[in-house]
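A.B. asks: The structure's right below; bear with me while I get my questions together.
The values are calculated or read from the model by the stated rules, or taken from the named source; none is laboratory data. Treat the numbers as computed from the prediction; the structure is a model and nothing was measured. All Cβ positions, even for glycine, are placed from backbone atoms using ideal geometry, and neighbour counts span all protein chains on display.
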Amino acid sequence: MTINAQGSKGIIELFEDFATLVDLSGIADNTTTRTEFQIGDFRVFGDGISEIDAGILAIGSDELSGVGRLTTTNEDKHATCVGTPLMFDVGLMAPITIEARVRLLDLDTKDVFIGLADTVGADLSFEDDMISGATATITYTASDLVGFYLCAELTDDEDWHAVFAGGTTTAVTASGSIDLDDDAVAGEWQILKLEIDPNGTARWYIDGKLLKTQAGAVSTSTDLGVVCGVQAKGAAIEVLDVDYLLVTANRDWNA
């Protein structure tokens, strides 16, 4: 570990193995539930998270090493996410790395985003606040984001996309120009890793393979937070299994 002269905690490392889960299904009155939760080093948030059928649920005793099932409600545009508040500045704190091992049980009627965005909080909806897709076009609602995106409403609906907005390079809206040609497969685990340099260059890896490098992908001065989550795109409950989530960054000693 690199040790900064100002102290021995110059590196931020946030990690969750999902040995502790947030299950709200037994709460009869959802008006008593909170709109954000703490799980290890991270927060659980998203539009609809106060409902009793949303949260990070236990998925059985046959899963080793701890697995959390991020679970939405059965309402359109409701999302369940695990992540952080706005606490990262690329210019001051990079290199920043986000790594997650994830699995989708099916690839229908859902969006998935894993990365950084300037819109985080209790009522986050991907479509309303961050990003959406339709046929071959991606629409950015957030001013600043960078990450992996999978959208069931894109024509290339099973492919991970390297989305970015807010940096010195203009955001690309044509999905065919930023798809990573590495499809998610129902029931199979993938390791997604995003690296961001102090100058805003981003790199996308899947299962250890570098698939895209983009200069000027993200702002070097905007405060960003981590988002790892799934959003429903219809009237069905959607899930994203997460084996672990790891975030590393330098500490901003000027804060």
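A.B. asks: Being closer than 23 Å to Ala171 by Cβ, of a type outside the set (D, E, K, R) and touching a Lys or Arg at 6+ places or on another chain (Cβ under 6 Å) narrows it down to one of Val230, Val239, Val218, so name that one.
C.D. replies: Val230
A.B. asks: Follow-up. Show the residue pairs that are 6+ apart or on different chains and have beta-carbon atoms under 7 Å apart, the first residue being within segment 121-132 and closer than 20 Å to Phe164 by Cβ, the second being outside any loop (DSSP other than H, G, I, E, B) and charged (D, E, K, R).
C.D. replies: That search, which allows pairs on different chains as well, returns Phe126/Asp111.
A.B. asks: On to the next question. Restricting segment 83-125 to residues that are small (Gly, Ala, Ser) and modelled with pLDDT under 95, which is surrounded by the most Cβ atoms within 10 Å (Cβ to Cβ)? Explain how you work it out, then say what you get.
C.D. replies: Within segment 83-125, the subset small (Gly, Ala, Ser) is 83, 91, 94, 100, 115, 117, 121-122, 125.
With modelled with pLDDT under 95 added as a condition, the list becomes 121-122, 125.
Values: Gly121: 17, Ala122: 15, Ser125: 20.
Top of the filtered list is Ser125.
A.B. asks: Right, next: Looking at (1) buried (at least 23 other Cβ atoms within 10 Å of the Cβ); (2) in contact with an Asp or Glu (Cβ under 9 Å, 6 or more places away or on another chain); (3) more than 26 Å from Asp123 (Cα to Cα); (4) among the hydrophobic types (A, V, I, L, M, F, W, C), which is the one condition that is false for Val218?
C.D. replies: All conditions pass for Val218, except number (3).
A.B. asks: Select from segment 114-129 the residues that are among the aliphatic types (A, V, I, L, M) and farther than 22 Å from Arg103 by Cα and write down the one among them that is nearest to the chain's Cα centre (by Cα).
C.D. replies: Out of the qualifying residues, it is Val120.
A.B. asks: On the given criteria, is Asp181 over 24 Å from Thr119 (Cα atoms), touching a strand residue (DSSP E or B) at 6+ places or on another chain (Cβ under 8 Å) and without any contact (Cβ under 8 Å) to a residue 60 or more places away in the chain? Break it down into steps so the answer makes sense when it comes.
C.D. replies: Values: over 24 Å from Thr119 (Cα atoms): yes; touching a strand residue (DSSP E or B) at 6+ places or on another chain (Cβ under 8 Å): yes; without any contact (Cβ under 8 Å) to a residue 60 or more places away in the chain: yes.
Yes: the conditions hold for Asp181.
A.B. asks: Ok, one more. Tell me yes or no: at least one residue of segment 230-243 is crowded, with 24+ Cβ neighbours inside 10 Å, in a loop (DSSP other than H, G, I, E, B) and not charged (D, E, K, R).
C.D. replies: No - not one qualifying residue is present in segment 230-243.
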